[in-house]
Amino acid sequence: NILSPKVTGDSISMHPLVIILLLIIGGKAAGFVGMVLAVPLGAIVKIVYEDLNYYLF
């Protein structure tokens, strides 16, 4: 269970601590469903931010 955020983080280029925080926030906000959706939504937000940052600046 400790290695899972590291493996997931490597596959979507996110720091493992960010993934753990996303899971905690998602769990507090929406329970199990929030935990399931937290990492994909976090990855989407990261990609959109990077694209906007690239195209606007």
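Note on region 41-57: among residues that are exposed (fewer than 11 other Cβ atoms within 10 Å of the Cβ) and not β-branched (Val, Ile, Thr), the one that is modelled with the lowest pLDDT is PHE57. For region 1-26, enumerate the residues that are surrounded by 15 or more Cβ atoms within 10 Å (Cβ to Cβ) and either touching a Leu at 6+ places or on another chain (Cβ under 7 Å) or not in a helix (DSSP H, G or I) (or both). The answer is MET14, GLY26.
Scanning region 1-43 for residues that are small (Gly, Ala, Ser) and at negative phi yields SER4, GLY9, SER11, GLY26, GLY27, ALA29, ALA30, GLY34, ALA38, GLY42, ALA43.
Scanning region 15-23 for residues that are more than 19 Å from LEU3 (Cα to Cα) and at pLDDT 95 or above turns up nothing.
The values are calculated or read from the model by the stated rules, or taken from the named source; none is laboratory data. Keep in mind that what you see is a predicted model, and the values were worked out from it rather than measured. Here the Cβ is made from the backbone with ideal geometry for all residues, glycine too, and neighbour counts use every protein chain on show.
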